């Protein structure tokens with residue numbers, strides 16, 4: 001993919017780089033691999049994201065300064081970003097300090113056209129403030145559900161760049177998918193209270209799966225896709241997640257959705273709290289009140305223990 005002459009038209013999207021981009025930069029990728037192979041994994045992945053973004057726009061990758069909060073993070077790695085860019089044939093802006101290292105670069109440099117959410121997540125991933133697991137494969141929804149319950153997100157990174165020209169994650173090419181994972185991480189970690197609510201919702205989904213309430217409904221291909229998306233790829237306010245779950249049931253299960261919803265509300269984690277159960281009953285109904293929203297949000301924000309041993313997942317559907 002060639003650099004864009006009009007930056008306003010160059011925005012992040014699922015089809016971000018074509019095969020030609022990855023094929024035409026194989027020499028630079030080899031240079032990158034040799035330069036960073038001795039660095040910690042977080043540093044390597046961070047530099048791959050930066051490098052690919054800048055190689056897309058070798059003469060116009062710099063978009064000015066960003067001012068992310070400085071942390072107490074300290075690294076013993078001395079890595080010249082200016083020298084690294086020179087080795088890749090990338091233009092270094094005159095207004096940019098040539099002596100900065102990786103941490104200062106990620107914290108203070110805005111890259112075209114990296115979304116702000118991804119830029120934030122990349123920095124907090126680099127300084128190890130966001131617990132993001134690096135996987136060389138795309139995890140199954142159930143695996144990602146388990147990781148989210150454990151307070152983690154993932155970044156799928158296959159280090160074999162010879163695969164990248166034809167590697168797809170749905171519609172997304174590798175760089176697009178790295179950014180996608182970073183955006184989801186930001187939506188998961190940026191607000192601790194919201195994160196607690198998301199974890200509460202994912203625990204509820206785990207209860208639903210292990211209770212086998214939806215086993216028959218999950219045979220519906222469209223519901224299976226929607227449910228998988230909800231449990232692995234939809235980081236939002238917990239109340240929105242609850243509303244979406246009920247909407248998916250109504251859309252795909254029809255008349256059976258009400259009895260399925262009642263079965264969910266009969267789970268031990270819900271039925272022992274009559275006020276919470278009543279609030280759940282009113283979700284997506286005209287009689288749903290602000291008090292109900294607060295009740296459910298507080299319920300999902302609560303902290304409780306959950307058995308996360310492998311045996312707990314043995315009899316769950318292959319999501």
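The values are calculated or read from the model by the stated rules, or taken from the named source; none is laboratory data. These numbers were taken from a predicted model, which means no experiment stands behind them. When we count neighbours, we look across all protein chains shown, and the Cβ atoms used for this are built from the backbone with ideal geometry, even at glycine.
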Can you pull out every residue in region 34-46 that is surrounded by fewer than 17 Cβ atoms within 10 Å (Cβ to Cβ) and farther than 16 Å from residue 161 by Cα?
38, 39, 40
How many residues does region 95-116 hold that are under 21 Å from residue 176 (Cα atoms) and not in a helix (DSSP H, G or I)?
7
Which one of these is closer than 21 Å to residue 118 by Cα, in contact with a helix residue (DSSP H, G or I) (Cβ under 6 Å, 6 or more places away or on another chain) and either in contact (Cβ under 8 Å) with a residue 40 or more places away in the chain or surrounded by 16 or more Cβ atoms within 10 Å (Cβ to Cβ) (or both): 31, 49?
49
Helices (runs of 4 or more DSSP H) completely within region 171-244 that count 2 or more residues being modelled with pLDDT of 95 or more and over 22 Å from residue 133 (Cβ atoms)
192-211, 221-232
Exception for residue 147 within (1) in contact (Cβ under 8 Å) with a residue 24 or more places away in the chain; (2) outside the structural domain of residue 282 (by TED's automatic domain parsing); (3) part of a helix (DSSP H, G or I) falls at (1)
Among (1) surrounded by 19 or more Cβ atoms within 10 Å (Cβ to Cβ); (2) under 15 Å from the mean Cα position of the chain (by Cα); (3) assigned to a helix (DSSP H, G or I), residue 130 falls short only on (3)
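Table: residues versus (1) under 20 Å from residue 178 (Cβ atoms); (2) outside the structural domain of residue 154 (by TED's automatic domain parsing); (3) within 25 Å of the chain's Cα centre (by Cα).
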{"position": "21", "(1), (2), (3)": "yes, no, yes"}
{"position": "26", "(1), (2), (3)": "yes, no, no"}
{"position": "29", "(1), (2), (3)": "yes, no, yes"}
{"position": "42", "(1), (2), (3)": "yes, no, yes"}
{"position": "65", "(1), (2), (3)": "no, no, yes"}
{"position": "71", "(1), (2), (3)": "no, no, yes"}
{"position": "74", "(1), (2), (3)": "no, no, no"}
{"position": "81", "(1), (2), (3)": "yes, no, no"}
